[in-house]
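One structure is given here, and the rest of the page talks about it.
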Amino acid sequence: MATVVLKGIKKIYDNKVTAVHDFNLEIADKEFIVLVGPSGCGKSTTLRMVAGLEDISEGDLIIGGKRVNDVEPKDRDIAMVFQSYALYPHMTVYENMAFALKLRKVPKDEIDKKVREAAAILDITQYLERKPKALSGGQRQRVAIGRAIVRDPQVFLMDEPLSNLDAKLRNQMRAEIIKLRQRINTTFIYVTHDQTEAMTLGDRIVIMKDGFIQQIGTPQEVFDRPANLFVAGFIGSPQMNFFDAKLQKKDGKYQIAVADAVMEVSDKAQKLLTEKSVGDMDVVVGIRPEHISFAPVAGPHTVSSKVDVSEMMGSEVYLHVNAAGKDVVLRIPTTELPEEHRAGIPYGTAVNFTFRSDLIHLFDPKTEKNLLY
């Protein structure tokens, strides 16, 4: 088992394009780290540098206390699972899983033991004599994971391993990876663009954009305290709503003027803003759809809106409304709706809502940083 340390890692391509900027991260032994972000953010490039498939332009990569920048991929004691499975089509499942061990001249009986143990963990024993073309996508991905397990690596690397699967299978395989992690208990670095995968799998998440780390934290930390506007909009589904607003101090108390409402911020936010000596300023207010409260009547603390689309999800309704010229999503439990609206709310219906003051996020529109972070 191993710790992995990335110190000031940079990737600059020949055309002078920098794909990864000053990447710093310490990964503890047996930790499950997820790199997440949109396409082109540098997450797969970072993973490939750890694997040795891409040269490191600057910085140090340390695995198990040893600098490995110039160590060949095969000597790094890592195993990688690719998005495309990368199985040998002419070999059986058994032969695919045993191949790396055969190259290492591992004794036959030990190979057999390791392959059968990994197949049992992944529930693919019955497919050992089949060729990859006779397997479904989920089964092939299990074989690719099994091939990595038998090598008993210090570090497990996974590059978008579930993105080729349909939604149902992806959910199932996500649960399988959680179980697998508990059984083989090694260090994982996992890359995905899917924030749901990141939230459910990672001990910590590294959120990336344009080659820069935006925030590192546990799933709960990045959800509750996003460092900036990008993280706030990327993590959470449906995504956070944003409003242009004014932060003002009146009678010693901070309040926000948003749309046609004035709302006080929480005691905790009052203290933070006071400590930072924040003056009156334009802000971007962020509020998650599930933190917006349905208001039966209009008032000075409510925002008025009109319903555009009502999506019935069973236990809750996703209500898309037009408020202050913006599309705003409210996530409302059906139990909180009047009886006549439980099956959905008609287009054009007037709706009033307010925010939970302790769950409001405030961002500086210039720096995009969270003022309460």
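Quick one: what pairs do we get from segment 344-360, first residue of a type in the set (A, V, I, L, M, F, W, C), second assigned to a helix (DSSP H, G or I) and surrounded by 11 or more Cβ atoms within 10 Å (Cβ to Cβ), C-beta under 6 Å, 6+ apart or different chains?
Close Cβ pairs satisfying both conditions: 359/291.
Only one of (1) without any contact (Cβ under 8 Å) to a residue 60 or more places away in the chain; (2) within 22 Å of residue 365 (Cβ to Cβ) is not met by residue 207, so which one is it?
Here residue 207 clears every test but (1).
Six or more apart or on different chains, Cβ under 8 Å: which pairs go from a residue in segment 112-138 that's in contact (Cβ under 8 Å) with a residue 60 or more places away in the chain to one that's aliphatic (A, V, I, L, M)? Could you list them?
Short answer, once both residue conditions are applied: 121/149; 121/180; 121/184.
Is segment 236-245 home to any residue that is farther than 20 Å from residue 23 by Cβ, out of contact with any strand residue (DSSP E or B) (no Cβ under 7 Å at 6 or more places or on another chain), acidic (Asp, Glu) and exposed (fewer than 15 other Cβ atoms within 10 Å of the Cβ)?
Just the residues of segment 236-245 that are farther than 20 Å from residue 23 by Cβ, to begin with: 236-245.
Now narrow it down to the ones that are out of contact with any strand residue (DSSP E or B) (no Cβ under 7 Å at 6 or more places or on another chain): 236-237, 239.
Then keep just the ones that are acidic (Asp, Glu); that gives none.
Among the residues of segment 236-245, not one is farther than 20 Å from residue 23 by Cβ, out of contact with any strand residue (DSSP E or B) (no Cβ under 7 Å at 6 or more places or on another chain), acidic (Asp, Glu) and exposed (fewer than 15 other Cβ atoms within 10 Å of the Cβ), which makes the answer no.
Might you let me know whether segment 338-353 holds any residue that is within 24 Å of residue 269 (Cβ to Cβ) and not in a loop (DSSP other than H, G, I, E, B)?
Yes: segment 338-353 contains one or more residues that are within 24 Å of residue 269 (Cβ to Cβ) and not in a loop (DSSP other than H, G, I, E, B).
With the condition kept exactly as written, say whether any residue in segment 184-199 is farther than 24 Å from residue 24 by Cα, in contact with a strand residue (DSSP E or B) (Cβ under 9 Å, 6 or more places away or on another chain) and surrounded by fewer than 19 Cβ atoms within 10 Å (Cβ to Cβ).
Yes; the residues of segment 184-199 include at least one that is farther than 24 Å from residue 24 by Cα, in contact with a strand residue (DSSP E or B) (Cβ under 9 Å, 6 or more places away or on another chain) and surrounded by fewer than 19 Cβ atoms within 10 Å (Cβ to Cβ).
Those residues that are closer than 30 Å to residue 274 by Cα, touching a strand residue (DSSP E or B) at 6+ places or on another chain (Cβ under 6 Å) and either surrounded by fewer than 18 Cβ atoms within 10 Å (Cβ to Cβ) or among the polar types (S, T, N, Q) (or both), I need them from segment 320-356; list them, please.
354
Restricting to segment 154-171, give me the number of residues that are surrounded by fewer than 20 Cβ atoms within 10 Å (Cβ to Cβ) and touching an Asp or Glu at 6+ places or on another chain (Cβ under 7 Å).
1
Check residue 178 against each of (1) crowded, with 17+ Cβ neighbours inside 10 Å; (2) among the aliphatic types (A, V, I, L, M); (3) not in a strand (DSSP E or B) and name the one condition it does not meet.
The number of the failed condition is (1).
Do any strands (runs of 3 or more DSSP E) entirely within segment 214-323 hold 3 or more residues that are touching a residue at least 40 places away in the same chain (Cβ under 8 Å) and among the hydrophobic types (A, V, I, L, M, F, W, C), and if so, which?
Because the criterion is at least 3 residues that are touching a residue at least 40 places away in the same chain (Cβ under 8 Å) and among the hydrophobic types (A, V, I, L, M, F, W, C), the strands (runs of 3 or more DSSP E) in segment 214-323 that meet it are 241-250, 281-287, 292-295.
Let me spell it out: the conditions are (1) within 19 Å of the chain's Cα centre (by Cα); (2) farther than 18 Å from residue 216 by Cβ, and residue 43 meets all of them except one. Which number is the exception?
Every listed condition holds for residue 43 apart from (2).
In segment 3-28, how many are of a type in the set (Phe, Trp, Tyr) and either part of a loop (DSSP other than H, G, I, E, B) or surrounded by fewer than 16 Cβ atoms within 10 Å (Cβ to Cβ) (or both)?
Residues in segment 3-28 being of a type in the set (Phe, Trp, Tyr) and either part of a loop (DSSP other than H, G, I, E, B) or surrounded by fewer than 16 Cβ atoms within 10 Å (Cβ to Cβ) (or both): 1 in total.
Taken together, the values in this text are just the output of simple stated rules run on the coordinates, not laboratory data. Not measured: the values here are computed from a predicted model. With ideal geometry, Cβ positions are generated from the backbone for all residues, glycine too; neighbour counts draw on all protein chains shown.
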